[in-house]
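Here is the structure we will look at.
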Amino acid sequence: MRKTRTASFRSGARPRTHAKAHATRKDSRRSRTSHSIQATQAVSTRPKRDEQYLAAIKGFELAVQQFTKQNLEKAKPLFEKLAASVYPEVADRARLYLRLCQQKLERSAPAPKTAADYYALGVAELNARNLDSATEHLSKADKMQPKREHIRFALAAAYALQGNSEAALEHLKAAIQLRPGNAYQARHDEDFQSLRSHPAFRSLVRADASASASTS
């Protein structure tokens, strides 16, 4: 029995067969693993984009906090970085705040003349929770350029914080019609906390979620 086992081992036939089968199974596992990784990457692309968007929003909020506290030297570089964001709504707002920072630092801020000027002042007042002043500036911006989604969205937020749900929903609906992505932003914006249980608000933000699901 011992000789038989030794001869069989020395012949090398069975070990080569096992080695070949092992290599085949290993290649098969590699192939399955590769396909699994590719599938996971494809599925996770969208969540990663959502995480990056939320990170950009968080960075913007931190920059605004510094601006509101008049820490302009700290706020300015943050807005400069955000101005290069791949998300247009973040980059546009960051550029407006950046201009305000520069004006305040130069101590030569001119009186507002354009819709962009009134919008920038309105958003600054909104974040400082000076809501009456915010709605005043933003309303002037809206009258000068009535079909700007970012102005309508800011007005919606200001009215929501004031507790004026009717006006807030009217402006939010217009903002979403002009840019459907505003529904996603509204779902994650704490300024709309007072509208969370409102059926019209839920309908507006769900409509965007359904549209996104049907295109994915």
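The values are calculated or read from the model by the stated rules, or taken from the named source; none is laboratory data. Because the structure is predicted, anything quoted here is derived from the model rather than measured. Here the Cβ positions follow ideal geometry from the backbone for every residue, glycine too, while neighbour counts run over all protein chains shown.
Just wondering, is there one or more residues in region 73-89 that are more than 24 Å from the chain's Cα centre (by Cα), not β-branched (V, I, T) and not in a loop (DSSP other than H, G, I, E, B)? Steps first, answer last, please.
To start, the set of residues in region 73-89 that are more than 24 Å from the chain's Cα centre (by Cα) comprises 73.
Filter once more, so that each one left must be not β-branched (V, I, T): 73.
Right, trim to not in a loop (DSSP other than H, G, I, E, B) and you get 73.
Taking every residue of region 73-89 in turn, at least one turns out to be more than 24 Å from the chain's Cα centre (by Cα), not β-branched (V, I, T) and not in a loop (DSSP other than H, G, I, E, B).
Among the residues that make up region 150-170, is at least one of them within 20 Å of Y97 (Cα to Cα) and among the charged types (D, E, K, R)? It would help to see each step written out before you state the result.
Keep residues of region 150-170 that are within 20 Å of Y97 (Cα to Cα), which gives 150-158.
Then drop every residue that is not among the charged types (D, E, K, R), which leaves 152.
Yes.
Going by what's in this entry, would D189 be described as surrounded by fewer than 21 Cβ atoms within 10 Å (Cβ to Cβ), at pLDDT 90 or above, closer than 24 Å to K104 by Cβ and touching a helix residue (DSSP H, G or I) at 6+ places or on another chain (Cβ under 9 Å)? Full working, then the answer.
On the way: surrounded by fewer than 21 Cβ atoms within 10 Å (Cβ to Cβ): yes; at pLDDT 90 or above: yes; closer than 24 Å to K104 by Cβ: no; touching a helix residue (DSSP H, G or I) at 6+ places or on another chain (Cβ under 9 Å): yes.
Answer is no for this residue.
Inspect region 206-216 for any residue being in a helix (DSSP H, G or I) and either modelled with pLDDT of 90 or more or in contact with a His (Cβ under 6 Å, 6 or more places away or on another chain) (or both) and give the result as yes or no.
So far as region 206-216 goes, no, none of its residues is in a helix (DSSP H, G or I) and either modelled with pLDDT of 90 or more or in contact with a His (Cβ under 6 Å, 6 or more places away or on another chain) (or both).
Report whether or not L100 is crowded, with 16+ Cβ neighbours inside 10 Å and either outside any helix (DSSP H, G or I) or at pLDDT 55 or above (or both). Steps first, answer last, please.
Values: crowded, with 16+ Cβ neighbours inside 10 Å: yes; either outside any helix (DSSP H, G or I) or at pLDDT 55 or above (or both): yes.
For L100, the condition - crowded, with 16+ Cβ neighbours inside 10 Å and either outside any helix (DSSP H, G or I) or at pLDDT 55 or above (or both) - is met.
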